[in-house]
Amino acid sequence: MQSADPSRTLFNLENAQILIVDGDPMSMSIMSQILAGFEARHVTRCDAVEEAELKIRDQSFDLVILDPGTLGPGGYKFIHWLRRKSTAPNKFASVLIATGHCQSSRVSEARDSGANFVLAKPLTPTAVFDRIMWMARERRPYVECKVYSGPDRRFREGGLPLGEPGRREEDKIDESLLTSERELSQSDIDAIMTPTRRAQ
Amino acid sequence: MSAIKYSKPPNRLDAALSSARPLLAQRAIERATQNLAHLGDECAAYVDQLIGSLRELFDLYVVDRRADALADMYQLSLRFIGAASLAGCADLEVAAKSLCDVIDGMLERGETEPEPIRVHIEAMRMLRHPAALGGAGTELLAGLQRVRVRFAMSSDATSPDAKTSDTLVID
């Protein structure tokens, strides 16, 4: 998906219901300030997943932004819970993971949890804008199967839902990214979150 | 083969954006950037506080080398990322990411060697004031990178020749 041109795109979050879940107060402030610049007015902040679960049961959100790294082991489980146990419309809310440390084990965990995108920190307003636009524009179907609930990880003619054996040789993501021990760049993360066919 | 259910729920984020007053994204990004600039001093104080907490935790860790203290230091290291660059010390942020990698690798392999953590913390303390370092910041980061390669990625990082002292010495 191509990035939106900020000089030609209209962008205003004043009507969006947003939930930020982040265990780091400064990280929460940074994201809040970015969203304030984007005119967001309905922002709910939670510093723990238990509190976030209560909010999810209580009100509807269009966008959930969280940093699982600051939330202990419950961070990714929260997304899993949101996708599997909560009800519509929150179950289908756009979920953006913003994380400071992008090692492959965590990115694959994020992908498997059902998040829409992973954004590497440090955050910049342009990067956050870009990701929000991606999520607003995306038309991926929502997939529910035994081992995965969330947006279809196949972009155009890409891979298969998690746990489903591909019938075609080319139905695979780049496994080298999942086993890599180097720190992943944003483009690496995108490749994992948005698997596409590879030339054989 | 397990059953797969596909659905096409409405994109509520798109609907929220579409129903809002028209505002050029470029203007929104400028405003967000201005907002972040106002956080600089707060971030600087936060980074100082984090360095203090990290050093305290490390002092405790050296004594008992508990895995949960290691995990706590990982959590603290994560918090630098974002705050440090807004505080004007982007290199410190690079060092913090490196420390995350090192601790993550150590946790994964069950290692307890404190030296790679010590050199990172000391480097981060110096990188907090980049102007005072002059060009030495780049050398510091290069040294940390060598430590990172050994302790975050090498499975034989605990071997006797994998000590950090021959890689980077910080007094």
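Quick look at the numbers
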| item | result |
| --- | --- |
| Inter-label distance for residue B:48 and residue A:41, nm, one decimal - labels placed 7 Å from Cα along Cα-to-Cβ | 3.8 nm |
| Added length on full extension, which subtracts the Cα-Cα distance from 0.36 nm per residue, residue A:137 to residue A:10 | 44.4 nm |
| Along chain B, longest interval not containing exposed trypsin sites (Lys or Arg not before Pro), exposed being DSSP loop plus at most 15 other Cβ atoms within 10 Å | B:67-162 |
| Volume of the Cα convex hull of region B:23-166, divided per residue and given in Å³ | 128 Å³ |
| Gain upon complete extension [residue B:71, residue B:139; 0.36 nm per residue less C-alpha separation] | 21.7 nm |
| Residue B:6/residue A:57 FRET efficiency (R0 25 Å; Cβ-Cβ; nearest 0.05) | 0.45 |
| Förster radius 22 Å - calculated FRET efficiency between residue B:132 and residue B:60 (Cβ-Cβ, nearest 0.05) | 0.20 |
| Cross-link pairs A:121/B:8; A:91/A:146; A:146/B:97; A:85/A:146 - those with Cα-Cα distance over 25 Å | A:121/B:8; A:146/B:97 |
| Average partner coverage of A:5-18, which counts Cβ from other chains inside 10 Å | 6 |
| Estimated 222 nm signal from helices in chain B, with DSSP H stretches of n ≥ 4 weighted -39500 (n - 2.57), rounded to 500 | -22000 deg cm²/dmol |
| Max mean-square fluctuation residue, GNM over chain B, Cα-Cα springs under 10 Å, options B:144, B:78, B:36 | B:36 |
| Rel. contact order, % - alpha carbon contacts under 8 angstrom, at least six apart, region B:1-122 | 24 percent |
| Equivalent ellipsoid semi-axes, region A:47-148, via Cα gyration tensor eigenvalues times 5, rooted, Å | 19, 16, 15 |
| Region A:1-53: trypsin sites (Lys or Arg not before Pro) falling in loop per DSSP and having at most 10 other Cβ within 10 Å | A:8 |
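No value in this document is a laboratory result; all are computed from the given coordinates. Note that this is a predicted model, so its numbers are computed, not measured. Backbone-built Cβ (ideal geometry, glycine too); neighbour counts: all protein chains shown.
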